[in-house]
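A.B. asks: This structure is in structure tokens; I'll ask about it shortly.
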Amino acid sequence: MNATEAKEILERIRANIGKVIIGRSDAINLALICLICDGHALIEDVPGLGKTTLVSTLAKSIGCSFTRLQFTPDVMPSDVTGFTMYDMKTSEKHFIHGAVMTQVLLADEINRTSPKTQSALLQAMQEGQVTVDGKTHDLPRPFVVMATQNPVELTGTYALPEAQLDRFLMCITIGYPEKADEKEILERNKSKSRMAYVEPVADASMVLDLQKQVDDIVCTELITDYVVELSRKTRENKEVMLGVSPRGSIALLRAAMGEALMNGRSYVLPDDVQKMLEPVLAHRIVLSSQAYAQHKTARTILEDIKKQVIVPAVE
């Protein structure tokens, strides 16, 4: 598979998702980049904008197994990772699979469960495996976690810690649709949901091939230096209390490689890095009290940093 063939497959998946998700091409692209970069996505937006629909349609389009886990205060870590059950009749132990034993996991309203349960996802997201009662179980491939949360309603929620947020490759917002798009949504939903008509246009092996193709994307030293400089600026900024970690730098470079493949290129351009800057880094930095007092946001600070760093001239 080359970059052109990869782009054709991604276009086919994107068009298939577009049969259900109207107009939100940016959100669809970011979700696909997370998938082909072997990363995870946090979809943060108000209710009713199609967060759950986006994830379920993506899973159906690539023919992968899909599990939705509704996070509530009574969800236990064992519901996520699984547990070992002792059979008294046979005197044997059996491993009961948890929700993570799937290829696409929708962690719905992840901030509504306790930090203990949230942390049960850490090993799965980082290593692609879970350890239960001293025994390690590999997760199916590909494996992607797409979590949702409502940023407005805070009652009965538990804010995700920085360590958890850092595991998400990017944070995606969907936003309200344009007038014409909303009209089309109404027209389509006059009758039965169109989800039933979505058929797979790819499979798990294709997704794994796309992930391998991302590994082959060329990043020059100029691009690597550009990513490092952007990350270092977040640590030096007085309005940022906690800057981007090396994991964040890796995520930014990886996402830029995915963006290059989405455009059918085998090499990364500075434009790819700039386009991925906000979705990849905004949720990783913690602002100072001074920044909050001045009504600054992570987005505005990253825009300032982008202007401060010289863009490399890549041929």
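The values are calculated or read from the model by the stated rules, or taken from the named source; none is laboratory data. Just so you know, these numbers come straight off a predicted model, no measurement behind them. Because the Cβ atoms are built from the backbone with ideal geometry, glycine has one as well, and the counts that use them run over all protein chains shown.
A.B. asks: Just wondering, is there one or more residues in segment 277-289 that are farther than 26 Å from Thr4 by Cα and exposed (fewer than 15 other Cβ atoms within 10 Å of the Cβ)? Let's see the steps before the verdict.
C.D. replies: We begin by selecting, within segment 277-289, every residue farther than 26 Å from Thr4 by Cα; these are 278, 281-289.
Cutting the leftovers down to exposed (fewer than 15 other Cβ atoms within 10 Å of the Cβ) gives us 286, 289.
Scanning segment 277-289, I find at least one residue that is farther than 26 Å from Thr4 by Cα and exposed (fewer than 15 other Cβ atoms within 10 Å of the Cβ), so the answer is yes.
A.B. asks: Which helices (runs of 4 or more DSSP H) does segment 217-315 wholly contain that include 1 or more residues that are in contact (Cβ under 8 Å) with a residue 40 or more places away in the chain and under 30 Å from Ile9 (Cα atoms)?
C.D. replies: Working: elements: 221-236, 246-262, 270-281, 289-293, 298-308.
The qualifying helices (runs of 4 or more DSSP H) are 221-236, 246-262, 270-281.
A.B. asks: Continuing with the same structure: Go through (1) surrounded by 12 or more Cβ atoms within 10 Å (Cβ to Cβ); (2) touching a residue at least 60 places away in the same chain (Cβ under 8 Å) one by one and return the number of the condition Leu139 breaks.
C.D. replies: So the condition that Leu139 fails would be (2).
A.B. asks: Let me ask something else about it. In segment 161-180, what count of residues is obtained for those that are within 16 Å of Lys51 (Cβ to Cβ) and over 15 Å from the mean Cα position of the chain (by Cα)? Explain how you work it out, then say what you get.
C.D. replies: Here is the first cut: in segment 161-180, the residues within 16 Å of Lys51 (Cβ to Cβ) are 168, 170-177.
If we keep only those that are over 15 Å from the mean Cα position of the chain (by Cα) as well, we get 175-177.
So the answer is 3.
A.B. asks: How about segment 212-229: which of its residues are crowded, with 18+ Cβ neighbours inside 10 Å and within 29 Å of Phe143 (Cα to Cα)?
C.D. replies: Start the filter on segment 212-229 by keeping residues that are crowded, with 18+ Cβ neighbours inside 10 Å, which leaves 213-214, 217, 219, 223, 226-227.
Within segment 212-229, Gln213, Val214, Ile217, Cys219, Ile223, Val227 meet the criteria.
A.B. asks: Is there any pair linking a residue in segment 125-136 that is at positive phi to one that is part of a loop (DSSP other than H, G, I, E, B), with Cβ under 6 Å and at least six apart or on different chains, and which?
C.D. replies: From segment 125-136, the pairs are Gly128/Leu139; Gly128/Phe143.
A.B. asks: Scan segment 109-118 and give yes if some residue there is touching a residue at least 12 places away in the same chain (Cβ under 8 Å), within 26 Å of Asp203 (Cα to Cα) and surrounded by fewer than 20 Cβ atoms within 10 Å (Cβ to Cβ), otherwise no. Steps first, please.
C.D. replies: Our first condition is that a residue be touching a residue at least 12 places away in the same chain (Cβ under 8 Å); within segment 109-118, this holds for 109-118.
Going one step further and asking which of them are within 26 Å of Asp203 (Cα to Cα), we end up with none.
No - not one qualifying residue is present in segment 109-118.
A.B. asks: Can you tell me which of Val214, Val207 is part of a helix (DSSP H, G or I) and within 21 Å of Thr53 (Cβ to Cβ)? If you could, list the steps in order and put the result at the bottom.
C.D. replies: Working: Val214 fails: within 21 Å of Thr53 (Cβ to Cβ).
Answer to the selection: Val207.
A.B. asks: When you go through (1) buried (at least 21 other Cβ atoms within 10 Å of the Cβ); (2) farther than 15 Å from Val145 by Cβ; (3) touching an Asp or Glu at 6+ places or on another chain (Cβ under 9 Å) one by one for Ile17, which number turns out not to apply?
C.D. replies: Going through (1) buried (at least 21 other Cβ atoms within 10 Å of the Cβ); (2) farther than 15 Å from Val145 by Cβ; (3) touching an Asp or Glu at 6+ places or on another chain (Cβ under 9 Å) one by one, Ile17 breaks only (3).
A.B. asks: Specify which of the listed residues (Ala27, Ala59, Ala15) is among the small types (Gly, Ala, Ser), within 22 Å of Leu281 (Cα to Cα) and either touching a Cys at 6+ places or on another chain (Cβ under 8 Å) or assigned by TED's automatic domain parsing to the domain that holds Ala99 (or both). Show your work before the answer.
C.D. replies: Numbers: Ala59 fails: within 22 Å of Leu281 (Cα to Cα); Ala15 fails: within 22 Å of Leu281 (Cα to Cα).
Result of the check over Ala27, Ala59, Ala15: Ala27.
A.B. asks: Only residues that are surrounded by 19 or more Cβ atoms within 10 Å (Cβ to Cβ) and touching a Lys or Arg at 6+ places or on another chain (Cβ under 8 Å): list them for segment 78-104, please.
C.D. replies: Taking segment 78-104 first, the residues surrounded by 19 or more Cβ atoms within 10 Å (Cβ to Cβ) are 80-82, 98-104.
The one that is surrounded by 19 or more Cβ atoms within 10 Å (Cβ to Cβ) and touching a Lys or Arg at 6+ places or on another chain (Cβ under 8 Å): Gln103.
A.B. asks: For segment 1-23, enumerate the residues that are closer than 17 Å to Glu187 by Cα and either in a helix (DSSP H, G or I) or touching a residue at least 40 places away in the same chain (Cβ under 8 Å) (or both). Full working, then the answer.
C.D. replies: Taking segment 1-23 as the starting set, the residues that turn out to be closer than 17 Å to Glu187 by Cα are 18-23.
Passing the criteria: Lys19, Val20, Ile22, Gly23.
A.B. asks: Determine whether Tyr176 is among the hydroxyl-bearing types (Ser, Thr, Tyr), at pLDDT below 95 and within 29 Å of Glu303 (Cβ to Cβ). Reasoning before the result, please.
C.D. replies: On the way: among the hydroxyl-bearing types (Ser, Thr, Tyr): yes; at pLDDT below 95: yes; within 29 Å of Glu303 (Cβ to Cβ): yes.
Against the criterion (among the hydroxyl-bearing types (Ser, Thr, Tyr), at pLDDT below 95 and within 29 Å of Glu303 (Cβ to Cβ)), Tyr176 qualifies.
A.B. asks: Considering segment 168-186 alone, what residues qualify as being of a type in the set (Phe, Trp, Tyr) and surrounded by fewer than 19 Cβ atoms within 10 Å (Cβ to Cβ)? Show your work before the answer.
C.D. replies: Of all residues in segment 168-186, those of a type in the set (Phe, Trp, Tyr) come to 168, 176.
Hit for segment 168-186 is Tyr176, nothing else.
A.B. asks: Is at least one residue of segment 298-311 more than 23 Å from Ser25 (Cβ to Cβ) and at pLDDT 95 or above?
C.D. replies: Looking through segment 298-311, none of the residues is more than 23 Å from Ser25 (Cβ to Cβ) and at pLDDT 95 or above.
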